[in-house]
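Notes follow the structure.
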Amino acid sequence: MKLFFGIYVVNYVPLYANRTTMAPLPLIEPLSNDYCTRIAGLILPIQQIEFNVPVTIEDQPDLMDIETNYHRTGGGFWGAKVGGELVGTIGLIAIGHHAGTIRKMFVRKEFRGKELRIAQRLLDVLIDHCRSCEITDLYLGTVHWLHAAIRFYERNGFVRIEKAELPGSFPIMPVDNTFYHFHLPMQS
């Protein structure tokens, strides 16, 4: 037992031991070019350091102009914030013929998992946007060693396809070697 403000507390566990304990729910909102530096600051360390993906900022010029590369296509770019801190992103590029490409789906390691469901919340917002814009087919590319991401996409109904099955307008990243498709039934 510990004494705090004259009250004895049993089994005291400091809240700061786990950043996500008692964390507020994430706020998902559209991001603009004002966030480009923060977006790159979130994504690049995950790609390069955590997952050893051989990619640089020069390989991803879309990160420096979110509005042109995502919003103006009819897609969008969203961020998840916890306590005002950007902890996750997802982007959608509309590629025509009722199709879109998911890009830049990243969540900081300490904010992943089922407790806050940030990845799921980001994907849900993107899918809601697709429904409102009549985008019925989603495509994405990833790398084969991102097993947790692959499980996440498959749990959400994405089906693995061959590179040759991608639409001609799909923006392929040179490092991607695993591709997925999801047909989104329109709600009536």
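Just one of the numbered conditions (1) under 14 Å from the mean Cα position of the chain (by Cα); (2) within 23 Å of residue 178 (Cα to Cα) is not true of residue 116; which one?
Residue 116 satisfies every listed condition except (2).
Note down all Cβ pairs under 7 Å where the first residue falls in region 38-56 and is assigned to a helix (DSSP H, G or I) and surrounded by 15 or more Cβ atoms within 10 Å (Cβ to Cβ), the second is of a type in the set (D, E, K, R) and at pLDDT 95 or above, and they're at least six residues apart or on different chains.
42/108; 43/104
If you take the residues in region 2-54 that are modelled with pLDDT of 55 or more and touching a Phe, Trp or Tyr at 6+ places or on another chain (Cβ under 7 Å), which one is farthest from residue 77 (Cα to Cα)?
That would be 46.
Yes or no: residue 100 in contact with a Cys (Cβ under 9 Å, 6 or more places away or on another chain) and part of a strand (DSSP E or B)?
yes
Of the numbered conditions (1) over 22 Å from residue 158 (Cβ atoms); (2) outside any strand (DSSP E or B); (3) among the aliphatic types (A, V, I, L, M), residue 87 satisfies every one except a single condition; which is it?
(2)
Residues to consider are 172, 135; find the one that is out of contact with any Phe, Trp or Tyr (no Cβ under 8 Å at 6 or more places or on another chain), among the aliphatic types (A, V, I, L, M), outside any strand (DSSP E or B) and at pLDDT 95 or above.
Exactly one residue qualifies, and that residue is 135.
Is it true that residue 82 is surrounded by 14 or more Cβ atoms within 10 Å (Cβ to Cβ), more than 19 Å from residue 183 (Cβ to Cβ), in contact with a helix residue (DSSP H, G or I) (Cβ under 6 Å, 6 or more places away or on another chain) and not hydroxyl-bearing (Ser, Thr, Tyr)?
It is false that residue 82 is surrounded by 14 or more Cβ atoms within 10 Å (Cβ to Cβ), more than 19 Å from residue 183 (Cβ to Cβ), in contact with a helix residue (DSSP H, G or I) (Cβ under 6 Å, 6 or more places away or on another chain) and not hydroxyl-bearing (Ser, Thr, Tyr).
With the requirement that a residue be under 19 Å from the mean Cα position of the chain (by Cα), surrounded by fewer than 16 Cβ atoms within 10 Å (Cβ to Cβ) and not aliphatic (A, V, I, L, M), what does region 138-168 give you?
144, 145, 147, 151, 154, 155, 156, 157, 160
The values are calculated or read from the model by the stated rules, or taken from the named source; none is laboratory data. What you see is a predicted model, and the numbers here were worked out from it, not measured in a lab. Neighbour counts are summed over all protein chains in view; Cβ atoms, including those assigned to glycine, are modelled from backbone coordinates with ideal geometry.
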